[in-house]
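The structure appears below as structure tokens.
The values are calculated or read from the model by the stated rules, or taken from the named source; none is laboratory data. Just so it is clear, the model here is predicted, and its values are computed rather than measured. Neighbour counts run over all protein chains shown; Cβ positions are idealised from the backbone, glycine included.
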Amino acid sequence: MEEAPVPTILPPTNTPPVYGPVYSRGGIPKKHTTILPLIIGVGIFVLFLIIILFTINRPKPAPVAVLPTPTMTPTPTPIRILSTFATQSAFLQFEQSVNALPATISGATLSDQTLDPPSVDLSLGFQK
Amino acid sequence: MILPIFFLFALPVYASSQRSYQDYLYQYDQYRQNLTDFQTAKNTYLQFQSLAAQTDAYNKTKLFLTQRDNLFKAYLLLLSDKLDENPGVSPNDKGTYQQLLASESAFLTTNAQQIPGAISLNDVTSLSPPFENQYKTLQRDIRKVLIILALGQLTTLNNSFQTITSAAQAIVTANATVFPTQKQATINQWVTQIQLKEQSYQKQYADLIDSTNKFDGYDVRELDQKYNDILKGVTNARQLLIDGASNLIELKDELKYIN
């Protein structure tokens, strides 16, 4: 008896349809690989912004005081001209009185400490 | 010629105050001694209640009460002399406050005169309450006189200030055309400043007089508090005079130079 011929047509297999490229397991792309440059970019931008703000708000250095260079000739004192009556004895006496007045007023004793009232015992205290 | 005559009048006044002060110090020493003796005698009597202790307490109480009156009389005399010597107190005020002192002194004299007549310890101890009752009035009148003395000192200082201010004003008026316009404006500013100080002083002084006239208190503690407040006012008034004197120096410097 002849063996039945092996059918050439293979039974259909359940192969899923391929809709796109098939990657190997290790080659699946991760999301952070695309976000990372964005984060770095934003970071650089923020850093740049901080630097700008810092530069703008930084207190300005105090202007360097220009010290006068000492010279050998001193600044001349303005010449004051005495009044016509300033040398008269009446004015000189007035000047002396005026100059002494503040010390006279501040040095005067207004309240004499030696006149403080005596302190005495009032109640005799014979009641026990 | 004038100077010896001045001292001739000044010396007795000075001596009078000095003498009454020395007497006051002596009376105070006596008082302290009598107080110690009285306290010892009283404590002995309270402890032993013996007749001898009672007699001793009676005698020491008499001495103590007499000396307490004498101490205040000496003190009032000192105040009276100080009032007389103070050139800043007006004759009218001197009269008023001398009368006040005389009235207090008369009370003490009357009180002291009753002490020798006390025949027992009970009698003599009954003479203390009138003094105790009068004590607040006495302290009030004493402080009033002390305030008047301080105000008198203040018035003397103000008189000196007024004299020099008048002299400055006379110089300003006499030389009104001498100075350039700008300089004259500065001079006028100082004159105005001095006048403002004078006005402030006058107001402060009037307030002090008013406070003195109303001066009273519930007890000695309150009297002391009010007395110290018035003294602070006196010091403030003095400060106004010091400020005015500083302004006078500025004015003098302006007047001294033409530019």
Under the condition of being among the β-branched types (Val, Ile, Thr) and farther than 30 Å from B:Ile187 by Cα, which residue from region A:77-128 is farthest from the chain's Cα centre (by Cα)? A:Val120
Would you confirm whether any residue within region A:96-111 is closer than 30 Å to B:Gln54 by Cα, in contact with a Phe, Trp or Tyr (Cβ under 9 Å, 6 or more places away or on another chain) and within 8 Å of chain B (Cβ to nearest Cβ)? no
Among the residues in region A:62-83, are any more than 7 Å from every other protein chain (Cβ to nearest Cβ), surrounded by 10 or more Cβ atoms within 10 Å (Cβ to Cβ) and either outside any loop (DSSP other than H, G, I, E, B) or aromatic (Phe, Trp, Tyr) (or both)? no
I'd like to check something: does region B:107-127 contain any residue that is under 27 Å from B:Asn247 (Cα atoms) and either in a helix (DSSP H, G or I) or without any contact (Cβ under 8 Å) to a residue 40 or more places away in the chain (or both)? no
Does region B:53-70 contain any residue that is hydroxyl-bearing (Ser, Thr, Tyr), in the same structural domain as B:Leu121 (by TED's automatic domain parsing), under 16 Å from B:Tyr135 (Cα atoms) and touching a residue at least 24 places away in the same chain (Cβ under 8 Å)? yes
Would you mind finding the one in B:Ile147, B:Ile171, B:Ile194 that is within 12 Å of chain A (Cβ to nearest Cβ) and either under 18 Å from B:Ser90 (Cα atoms) or in contact with a Pro (Cβ under 9 Å, 6 or more places away or on another chain) (or both)? B:Ile147
Checked region B:227-245 for anything surrounded by 17 or more Cβ atoms within 10 Å (Cβ to Cβ) and without any contact (Cβ under 8 Å) to a residue 24 or more places away in the chain; matches are B:Ile242
Looking at region A:104-128, which of its residues are loosely packed, with under 12 Cβ neighbours inside 10 Å and in contact with a Ser or Thr (Cβ under 8 Å, 6 or more places away or on another chain)? A:Ser123
Quick check: anything in region B:137-155 under 18 Å from A:Ser106 (Cα atoms) and among the acidic types (Asp, Glu)? no
